Every structure is written in C-alpha cells, then in structure tokens.
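To keep things clear, I will list the structure first and then write my remarks on it.
Each value in this text was obtained by applying a stated rule to the coordinates, not by laboratory testing. All figures in this text were calculated on a predicted structure; none of them were measured in a lab. Heads up, the Cβs are rebuilt from the backbone with ideal geometry, glycines too, and the neighbour counts pull from every protein chain shown.
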Amino acid sequence: MHRLYENEDIVIFWNSDCCFHAKRCVTGSPNTFDINRKPWIQLGNADNKEVWQAISQCPSGALSCLYRHGIDITIDLEGQKSLALDGDKVIGECDYDIDNGTWNIYHTEVSPDYKGKGIAKRLVYKVIEASERQKAKIEASCSYAKKVIEE
Ligand code: SF4
C-alpha cells in the first residue's frame, strides 16, 4: 500500500510493503506516527524537524520525505491523470489508462523548470494511491513510474 501525507511544507511517502514495523518512526515522533490511529500518520502534531528526523531513522525505506516546494498534486479520475500545479499553472502530469480493471501508467512528465523537486514521484504516488483505493491492479509502461512502483 502506498500513501502520501502532506502539510504546507513537506510530503511523506509511505510504502507499507517495505515496512517491517520496527516502530522507530513512532519512537521518533509519537504524535505524528501512531499505529493505533487512522490515518496512522498525521502531520501538524509535531514540528517538521522532528518528523524529518524520525523518518531518517526508518530502517526499511518504507518512509521517505521531501519538501513540497508549494506544488499541489491532484488526481483527475475522469481524465485518468494526476496533475502538478504551481498555483493555477499545470507544471506536470502522470497519465494512465484502464484496461480490464488494470491501471497502466504510460506517461510521466514535469516541466524542466521544476525538475529535481521530487514532483514526478509525487505524481506517480498519487496515481498508485488512487488505484489502490479503487482496489485496482497497477502497472506501468512508463519506465520512471515502473521504477517508483517497484522501489
Ligand atoms: S520506522 Fe519504518 S519500518 Fe519501522 S514502523 Fe516506521 S515506517 Fe515501518
């Protein structure tokens, strides 16, 4: 299971397939990570520095963190894409099609001016998360998205 958690400043990626429940994140920031709560990750209960340090202790790679850079990521289920927005301006997208209940990501692109900010990963994660919520299978013919799915 893949999930994204965001506040104004940071984005957390969580891949439960890698998590072996060592709970170092819980020890590092108990008000942020609480396995008895839904959602189990809640931003806003500790400062970003504490959260970032807790994530850096994750031994499995299940958790990772990036700055948001003021970019919003949305999902457009009808248009079969996720979009990256700088204000009203679309600066990236991740497109998929659906065949027999399987979602296939075939294209991921971010404007060259916004490279190096982790936006492509956020776009792909948004699509993976949406597919999982719909209990659909996900695959990728886009090589970048395939790498994110498999990491
Ligand atoms: S520290 Fe990492 S491996 Fe351990 S529970 Fe937290 S996310 Fe899972």
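Numerical summary
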read-out: The one condition in (1) surrounded by fewer than 13 Cβ atoms within 10 Å (Cβ to Cβ); (2) on the phi < 0 side of the Ramachandran plot; (3) near the ligand (Cβ under 10 Å from one of its atoms) that residue 55 fails to fulfil; value: (1)
read-out: Evaluation of residue 93 against (1) touching a residue at least 12 places away in the same chain (Cβ under 8 Å); (2) out of contact with any Ser or Thr (no Cβ under 7 Å at 6 or more places or on another chain) (one fails), failing number; value: (2)
read-out: Strands (runs of 3 or more DSSP E) wholly inside the range 68-124 that include at least 2 residues being hydroxyl-bearing (Ser, Thr, Tyr); value: 102-110
read-out: Qualifying positions in the range 58-68 - loosely packed, with under 15 Cβ neighbours inside 10 Å and out of contact with any Cys (no Cβ under 9 Å at 6 or more places or on another chain); value: 59, 67
read-out: Single match in 93, 150 (criterion: under 15 Å from the mean Cα position of the chain (by Cα), within 16 Å of residue 1 (Cα to Cα) and of a type in the set (D, E, K, R)); value: 150
read-out: Residue selected from the range 42-70 under the condition hydrophobic (A, V, I, L, M, F, W, C) and more than 13 Å from the chain's Cα centre (by Cα), by the criterion farthest from residue 149 (Cα to Cα); value: 46
read-out: From 97, 76, 47, residue being surrounded by fewer than 17 Cβ atoms within 10 Å (Cβ to Cβ), more than 16 Å from the ligand (Cβ to nearest atom) and over 21 Å from residue 138 (Cβ atoms); value: 47
read-out: Extreme residue, farthest from the chain's Cα centre (by Cα), among residues of the range 121-141 that are among the hydrophobic types (A, V, I, L, M, F, W, C) and crowded, with 22+ Cβ neighbours inside 10 Å; value: 140
